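So the structure is just underneath, and the comments pick up after that.
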Amino acid sequence: MPTLSVSYEDFCSLLGERRGKEELCRKLALMGVEAEVSGEELRMEILHNRPDLLSPEGVARALRGFLGKGGGLPTYSLSPSGITVRVDPSVRGVRPFIAAGVVRGVRLSGEVVASLMQTQEKLHEFLGRRRKGSIGVYDLDTVEPPFTYTTVEPEGISFVPLDFGESLTPAQILRLHPKGREYGWILEGKRRYPLLVDRRGRVLSLPPIINSEETRVTEKTTSLFIDVTGEREREVQLGLVLMMTSLAERGFSLQSVRIRYPNRSVETPSLRPRRLELGEEEVREVLGLELGARRIASLLRRMGYGVEVRGKRLRVLAPPFRADLLHPVDLVEDVAIAYGYDRIPPRVKGVNTVGRKAWVEELSDRVRLVMVGLGFTEVMTYTLTNPGINFEMMRTKGEAVEIANPVSQELTILRTWLLPSLLQVLRSNKKHPLPQRIFEVGNVVLLDEGSETGAVERRRLGACVAGRPAGWSHVKAVVEAVLREFGIRPEVRAVEHPSFLEGRVAEFLWRGRRLGMAGEVHPEVLLHFELEHPVASLELEVEALGGEELKEGKGEG
Amino acid sequence: MELETHEARVLLFLRERGRAWMEEVEKGEGMEHSAVMRAVLGLAERGYLSVEEERSFLLSLTPEGRRYAEEGLPERRMLEGLGEGKRVEELLSSGSREEATIALGWLRRKGLVEVRGGEVRPTPEGRRALSGRWPEEELLGRLLEEEVSLPGLTPEAELLRRRGLVEVREKTRRLLSLTEEGRRRAAEVRIQEEVTELTHELLVSGRWREVRFKRYDPSEGVPPLHPGRIHPQQRVIEEVREALLAMGFVEIKSRAVESEFWNFDALFQAQDHPAREIHSNFTLSRPSTTRLPPSLLRRVARAHERGVEGSTGWGYRFNPEISRRAVLCSQTTAATVRYLASHPRPPLKVFCIDRVYRHERIDYKHLAEFYQCEGIVMDEGLTFRDMLGYLKLILHTLGFREVRFRPGYFPFTEPSVEAEVYHPGRGEWVEVLGAGMFRPELLRPLGVRHPVLAWGIGLSRIVMMRLGLEDIRDLFCNDLEALQGWGLRGR
């Protein structure tokens, strides 16, 4: 979850009143913002669906309403700045959309500048790490409108980027500047790069990478120019609205900018509220609370909506920054939050169903019972492994489910059998006394073209004995003990397997079905796992143990 | 007064002969020296026997002594080779100079030779000495046969000891004699055999009545024994499963390999949602693609793009190729939604406990593979109040008395809620459960017209609380000593 940090003092002044630290956190939690104060710092965790809370200003705005101060639809005065941004047709295949606005009457302390940068960074995260939208903030007095949003060749211009002492070309920025290295992937494969310039051709920024040093915002800045560029107009507009409406909370005034595309023009930002409808009935159906339209209206006002009551229906005006509202049910949740999750009386409507354990789990539990009775200790290992362990160290070859984007070379495939995992466990227990008797009831995953997802899981029992008695006759006895418990008298067939000593490995079959195998692990395999004592092992298909007659009367989940 | 078995055995041994050396008793009865000693002291204390101590010296050969006993003393060999006389240098340069020096030293000390002007000649005693055996040679000879015990040290024994040819140990022998009283007591003794093990033979022959069983010291240590056991994490999983079964939930299973469709799309998680980015999940190169139900795919795509009744949808271009991609299942919700698609009619209560996979580097807070527990309840007329009610019920059944709720967010539920429980051990509230009512955009494409309550338990967190773990990697602890040390704690 995104986190925000703000000074407790600054937050109280944004809120317009002082609240005790503990009470403040509790109220924020009820609104859905987990918060804690440590020293003078207020730290908040914001839910993914509420980008309008990604600034301290936005949280304060929401909390004011929630606490019953103000509330209702926030209103903004927006006047045209007269500034235009001309969009060059060449941006179309590169980064096609831009929105921009102006903020006047700005007074910035160091603290506010830091807060502004934090908001910008959090919104970038929200906007797909700048891919869907990237925000530029400039000191308007350092440049001259009108502006042009265009493209340039990688070596076609050079300027001094923020936090850098010398002039670089866009290609150099991507190579040398930290931001270029971090966000260069967004422009990968583009032959031209986006560029925002002023009337004299001075560079404002190379979106979505970096601004020019010249346009830097400082404590002396009094007017801001803000732009958002990106691949989708909806996100670009939203980014600008989010940024500008939080700044408005500090009492600055907002102005719009005209964007001239080759064949149309739009005025940005648009701060028009959205219209939604909600009925008493929907609230009752979802929440189970008997709330009248007037009560619902007052709850919604506390959540920052404008509401008009029409009998049992409500006409709701949602602020432009509430991008999370897809369905009336989203309004219903806000009604519940305003009502207070701690005040909603829980109730349990009986839903008459009969509990039933999954059959494979039932079988697994019975297998565990037998193994524990035989003195084995259960281990639990990962299904994630690598071909070195699953195949090569076992002297075998094979194919497995394979991860395209592994985190490390250690975990690149899903295991196809349990024995390698068990040998790893024995390796990590070398310091402990022998004999060691371990088992696992766990899944393996096999490629299977016939299956819907191309792979199937099998529940297996695997077991190992290290030290005495670790011979064939002992594991055979264990296998037979397990099978006997399930009424199975298997047929034993000698086989050859590279992981086992020749002549000391066999398969177990019953009614033509292969149940599994057991044997003495090959010395070379033991050495691969750095083991110094003999190991005998077995591996059985758990699902093959539970025939239909066992299952009778159990039903299927 | 009762006799100890050992005491009785000593008395009986003496009954035959009246008196005996203690070592004879040891040998004869096959008893430890210390056991005989203890018995003798006990018997003497009660006046049954008297003990005479006899000090003796036990002589044995050192390795050097053994050599001289076999080859003859060096001074004897020098004297024999001396003839009428030889020069000192000549004597010292033949054979080992060191040994020759010793031999010459002893010949002079014994007065068998005299040295004058660098010339060594035998004295008259020396000539005589050549014919007979010396006493020390006599003793060496005897020692070659056996250890020799002497009541006192003779001069020749003392001589050999000083020369380092003989080792002398002092020994006290004890002669045991029965007193009159002892004789009477011994006549009454009936011996009882002492045995360690009750054998089949003893039992069936009835001889167990005659023997005496060795008494054990119960405080003595024994080798440790460990039961076979279920893994601690598995035990907690079973506890949670039993609780849900008792509430009437039906268990279903998920799949390790899943399509993005069931893992995300069918949950109304937008294709460009941050949780779907490449660094959040494991995508697969084998298998790389999956088969999907075409009509359901179309309905889900429409819900994403344009929404369902009353919804705007996400308003982006849905890509069915993304849906077909294979991933490692990242949330068990995939399983519950699959089940819902094939069982759209109420009433229904199901749950799934299974492993899910996340694109994480393993450390004390993160695992790439762990257990999740998820469930749904579907019925007519269920509301958010029932949602809270079921959560409370589930958490109470799991033993959490204090529960509180706050708003939450999941892309597929609305309203959403997070439940925290009070952890008395840590003195704080811990988030253990996320829940909500499935969104209409998720339900309608599946053909579900009734409310569905959905919840997911952070199973890892519950297991950690139950077992008192701090490091999440310990959930998969496989150290046998640690597992054995765990006991049945945590229930």
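The values are calculated or read from the model by the stated rules, or taken from the named source; none is laboratory data. Note that this is a predicted model, so its numbers are computed, not measured. Neighbour counts run over all protein chains shown; Cβ positions are idealised from the backbone, glycine included. SASA here: full protein model, heavy atoms, side chains in, ligands and nucleic acids out. Shrake-Rupley method; radii C 1.70, N 1.55, O 1.52, S 1.80 Å.
Within region B:86-116, which residues are open to solvent by 70 Å² or more (accessible area, probe 1.4 Å) and over 30 Å from B:Glu167 (Cα atoms)?
Result: B:Arg87, B:Glu89, B:Glu90, B:Ser93, B:Glu114, B:Arg116.
Of everything in region A:206-231 that's among the charged types (D, E, K, R) and under 22 Å from A:Leu127 (Cα atoms), which residue is most open to solvent (accessible area, probe 1.4 Å)? Don't jump to the end; show me each part of the working.
First, the residues of region A:206-231 that are among the charged types (D, E, K, R): A:213-214, A:216, A:219-220, A:227, A:231.
Filter once more, so that each one left must be under 22 Å from A:Leu127 (Cα atoms): A:227, A:231.
Numbers: A:Asp227: 3, A:Glu231: 80 Å².
Ranking the qualifying residues of region A:206-231, first place goes to A:Glu231.
Give B:Ala100, B:Ala69 a once-over and let me know the one that is more than 19 Å from B:Trp134 (Cα to Cα) and not in a loop (DSSP other than H, G, I, E, B).
Numbers: B:Ala69 fails: more than 19 Å from B:Trp134 (Cα to Cα).
Just one listed residue meets the conditions, B:Ala100.
Looking at B:Arg169, B:Arg133, can you tell me which residue is surrounded by fewer than 13 Cβ atoms within 10 Å (Cβ to Cβ) and assigned to a loop (DSSP other than H, G, I, E, B)? Full working, then the answer.
Working: B:Arg169 fails: assigned to a loop (DSSP other than H, G, I, E, B).
Among B:Arg169, B:Arg133, only B:Arg133 is surrounded by fewer than 13 Cβ atoms within 10 Å (Cβ to Cβ) and assigned to a loop (DSSP other than H, G, I, E, B).
Only one of A:Arg131, A:Arg95 is open to solvent by 30 Å² or more (accessible area, probe 1.4 Å), assigned by TED's automatic domain parsing to the domain that holds A:Thr245 and of a type outside the set (Asp, Glu). Can you tell me which? Before you say what the answer is, go through the steps one by one.
On the way: A:Arg95 fails: open to solvent by 30 Å² or more (accessible area, probe 1.4 Å).
The unique qualifying residue is A:Arg131.
Can you confirm whether region A:305-323 contains a residue that is within 11 Å of chain B (Cβ to nearest Cβ) and either of a type outside the set (Lys, Arg) or within 25 Å of A:Leu271 (Cβ to Cβ) (or both)?
Taking region A:305-323 as the starting set, the residues that turn out to be within 11 Å of chain B (Cβ to nearest Cβ) are A:323.
From what is left, the residues that are either of a type outside the set (Lys, Arg) or within 25 Å of A:Leu271 (Cβ to Cβ) (or both) are A:323.
Among the residues of region A:305-323, at least one is within 11 Å of chain B (Cβ to nearest Cβ) and either of a type outside the set (Lys, Arg) or within 25 Å of A:Leu271 (Cβ to Cβ) (or both), which makes the answer yes.
Enumerate the helices (runs of 4 or more DSSP H) found wholly within region B:273-383, keeping only those where 2 or more residues are open to solvent by less than 10 Å² (accessible area, probe 1.4 Å) and out of contact with any Gly (no Cβ under 9 Å at 6 or more places or on another chain). Step through it out loud before you land on a result.
Numbers: elements: B:294-306, B:320-324, B:333-342.
Filter on region B:273-383 gives B:333-342.
Considering B:Leu79, B:Leu59, which residue is touching a residue at least 40 places away in the same chain (Cβ under 8 Å) and not in a helix (DSSP H, G or I)?
Details: B:Leu79 fails: not in a helix (DSSP H, G or I).
Every option except B:Leu59 fails the conditions.
Of the residues in region A:47-66, how many are within 25 Å of A:Ala297 (Cα to Cα), in contact (Cβ under 8 Å) with a residue 60 or more places away in the chain and assigned to a loop (DSSP other than H, G, I, E, B)?
Initially, region A:47-66 is screened for residues within 25 Å of A:Ala297 (Cα to Cα), giving A:47, A:49-53, A:57-66.
Then drop every residue that is not in contact (Cβ under 8 Å) with a residue 60 or more places away in the chain, which leaves A:49-52, A:57-58, A:60-62, A:65-66.
Imposing the further condition that a residue be assigned to a loop (DSSP other than H, G, I, E, B) reduces the set to A:49-50.
Summing the residues that are within 25 Å of A:Ala297 (Cα to Cα), in contact (Cβ under 8 Å) with a residue 60 or more places away in the chain and assigned to a loop (DSSP other than H, G, I, E, B) in region A:47-66 gives 2.
Can you find a residue that is within 14 Å of chain A (Cβ to nearest Cβ), in a loop (DSSP other than H, G, I, E, B) and open to solvent by 60 Å² or more (accessible area, probe 1.4 Å) anywhere in region B:200-223? Before you say what the answer is, go through the steps one by one.
Of region B:200-223, the ones within 14 Å of chain A (Cβ to nearest Cβ) are B:223.
When the remaining residues are screened for being in a loop (DSSP other than H, G, I, E, B), the result is B:223.
Now narrow it down to the ones that are open to solvent by 60 Å² or more (accessible area, probe 1.4 Å): B:223.
Yes: one or more hits.
Can you find, within region A:68-89, the residue that is farthest from the chain's Cα centre (by Cα) among those that are open to solvent by 40 Å² or more (accessible area, probe 1.4 Å) and over 30 Å from A:Arg295 (Cβ atoms)?
Residue satisfying both the conditions and the ranking: A:Gly82.
Could you count how many residues in region B:407-426 are farther than 21 Å from B:Gln331 by Cβ, open to solvent by 10 Å² or more (accessible area, probe 1.4 Å) and either free of Cβ contacts under 8 Å to residues at least 40 places away in the same chain or not assigned by TED's automatic domain parsing to the domain that holds B:His273 (or both)? Please lay out each step first, then the result.
Initially, region B:407-426 is screened for residues farther than 21 Å from B:Gln331 by Cβ, giving B:421-426.
Cutting the leftovers down to open to solvent by 10 Å² or more (accessible area, probe 1.4 Å) gives us B:422-426.
From the residues that got through so far, the ones that are either free of Cβ contacts under 8 Å to residues at least 40 places away in the same chain or not assigned by TED's automatic domain parsing to the domain that holds B:His273 (or both) too are B:422, B:424, B:426.
Selection size over region B:407-426: 3.
Residues A:Leu271, A:Leu317, A:Leu325: which one is part of a loop (DSSP other than H, G, I, E, B) and in contact with a Lys or Arg (Cβ under 9 Å, 6 or more places away or on another chain)?
Working: A:Leu271 fails: in contact with a Lys or Arg (Cβ under 9 Å, 6 or more places away or on another chain); A:Leu317 fails: part of a loop (DSSP other than H, G, I, E, B).
Only one candidate qualifies: A:Leu325.
When A:Phe376 is evaluated against the numbered criteria (1) surrounded by fewer than 16 Cβ atoms within 10 Å (Cβ to Cβ); (2) within 12 Å of chain B (Cβ to nearest Cβ); (3) under 25 Å from A:Leu501 (Cα atoms); (4) not polar (S, T, N, Q), which criterion, by number, is the only one it fails?
Condition (1) is where A:Phe376 drops out.
Could you check B:Glu374 against (1) in contact with a helix residue (DSSP H, G or I) (Cβ under 9 Å, 6 or more places away or on another chain); (2) within 11 Å of chain A (Cβ to nearest Cβ) and say which number it fails?
All conditions pass for B:Glu374, except number (2).
Condition check: among the polar types (S, T, N, Q), over 24 Å from the mean Cα position of the chain (by Cα) and over 24 Å from A:Val103 (Cα atoms). Does A:Thr169 satisfy that? Please lay out each step first, then the result.
Numbers: among the polar types (S, T, N, Q): yes; over 24 Å from the mean Cα position of the chain (by Cα): yes; over 24 Å from A:Val103 (Cα atoms): yes.
Considered against the rule, which asks whether it is among the polar types (S, T, N, Q), over 24 Å from the mean Cα position of the chain (by Cα) and over 24 Å from A:Val103 (Cα atoms), A:Thr169 comes out as yes.
Could you tell me how many of the residues in region A:328-350 are without any contact (Cβ under 8 Å) to a residue 60 or more places away in the chain and more than 7 Å from chain B (Cβ to nearest Cβ)? If you could, list the steps in order and put the result at the bottom.
So the first thing to find is which residues in region A:328-350 are without any contact (Cβ under 8 Å) to a residue 60 or more places away in the chain, and the list is A:328-336, A:339, A:343-350.
If we keep only those that are more than 7 Å from chain B (Cβ to nearest Cβ) too, we end up with A:331, A:334-335, A:339, A:343, A:350.
Looking only at that region, the number is 6.
Select the helices (runs of 4 or more DSSP H) contained entirely in region B:427-491, then report the ones holding at least 1 residues which are more than 30 Å from B:Pro407 (Cβ to Cβ), open to solvent by 20 Å² or more (accessible area, probe 1.4 Å) and free of Cβ contacts under 8 Å to residues at least 24 places away in the same chain. Please lay out each step first, then the result.
Numbers: elements: B:440-446, B:459-467, B:480-486.
Fully inside region B:427-491 and qualifying: B:480-486.
In region A:368-385, what residues are in a strand (DSSP E or B) and touching a Gly at 6+ places or on another chain (Cβ under 7 Å)?
Applying the first criterion (in a strand (DSSP E or B)) to region A:368-385 yields A:377-378, A:384-385.
Residue satisfying the conditions is A:Thr377 alone.
Here are A:Thr381, A:Thr353: which of them is within 7 Å of chain B (Cβ to nearest Cβ) and in contact (Cβ under 8 Å) with a residue 60 or more places away in the chain? Don't jump to the end; show me each part of the working.
Details: A:Thr353 fails: in contact (Cβ under 8 Å) with a residue 60 or more places away in the chain.
Sole residue among the options that is within 7 Å of chain B (Cβ to nearest Cβ) and in contact (Cβ under 8 Å) with a residue 60 or more places away in the chain: A:Thr381.
Could you please find all residues in region A:4-32 being in a helix (DSSP H, G or I) and open to solvent by 40 Å² or more (accessible area, probe 1.4 Å)? Spell out the reasoning first.
In the first step, residues of region A:4-32 are kept if they are in a helix (DSSP H, G or I); the result is A:8-15, A:21-31.
Within region A:4-32, A:Glu9, A:Ser13, A:Lys21, A:Glu22, A:Glu23, A:Arg26, A:Lys27 qualify.
Being in contact with a Gly (Cβ under 9 Å, 6 or more places away or on another chain) and more than 9 Å from chain B (Cβ to nearest Cβ) is the filter here, so list the residues in region A:386-409 that pass it. So that I can check it myself, show each step before the final result.
Within region A:386-409, the first condition is being in contact with a Gly (Cβ under 9 Å, 6 or more places away or on another chain), and the residues that meet it are A:387, A:390-391, A:401, A:409.
Answer for region A:386-409, where residues must be in contact with a Gly (Cβ under 9 Å, 6 or more places away or on another chain) and more than 9 Å from chain B (Cβ to nearest Cβ): A:Pro387, A:Asn390, A:Phe391, A:Gln409.
Do we have B:Ser288 as at the interface with chain A (Cβ under 10 Å from one of its Cβ atoms) and at pLDDT 95 or above here?
Working: at the interface with chain A (Cβ under 10 Å from one of its Cβ atoms): yes; at pLDDT 95 or above: no.
Judged against the criteria, B:Ser288 is not a match.
Here are B:Gly315, B:Gly307: which of them is within 20 Å of B:Arg449 (Cα to Cα), within 11 Å of another protein chain (Cβ to nearest Cβ) and among the small types (Gly, Ala, Ser)? Walk me through how you get there before you give the answer.
Details: B:Gly315 fails: within 20 Å of B:Arg449 (Cα to Cα).
Every option except B:Gly307 fails the conditions.
Look at A:Arg175 and say whether it is surrounded by fewer than 22 Cβ atoms within 10 Å (Cβ to Cβ), in contact (Cβ under 8 Å) with a residue 12 or more places away in the chain, assigned by TED's automatic domain parsing to the domain that holds A:Leu116 and not acidic (Asp, Glu). Talk me through it step by step, then tell me what you get.
Values: surrounded by fewer than 22 Cβ atoms within 10 Å (Cβ to Cβ): yes; in contact (Cβ under 8 Å) with a residue 12 or more places away in the chain: no; assigned by TED's automatic domain parsing to the domain that holds A:Leu116: yes; not acidic (Asp, Glu): yes.
Criteria not met by A:Arg175.
For region A:289-311, check the following and say yes or no: at least one residue is within 30 Å of A:Val91 (Cβ to Cβ) and not acidic (Asp, Glu).
Filtering region A:289-311 down to residues within 30 Å of A:Val91 (Cβ to Cβ) leaves none.
Among the residues of region A:289-311, not one is within 30 Å of A:Val91 (Cβ to Cβ) and not acidic (Asp, Glu), which makes the answer no.
Within region B:117-127, work out how many residues are open to solvent by 60 Å² or more (accessible area, probe 1.4 Å) and either in the same structural domain as B:Arg162 (by TED's automatic domain parsing) or closer than 23 Å to B:Leu160 by Cα (or both). Break it down into steps so the answer makes sense when it comes.
Residues of region B:117-127 open to solvent by 60 Å² or more (accessible area, probe 1.4 Å): B:117, B:121, B:124-125, B:127.
Restricting the remaining residues to those that are either in the same structural domain as B:Arg162 (by TED's automatic domain parsing) or closer than 23 Å to B:Leu160 by Cα (or both) gives B:125, B:127.
Total satisfying the criteria: 2.
Can you pull out the residues in region A:426-465 that are facing chain B (nearest Cβ under 8 Å), out of contact with any Ser or Thr (no Cβ under 8 Å at 6 or more places or on another chain) and hydrophobic (A, V, I, L, M, F, W, C)?
A:Leu447, A:Ala455
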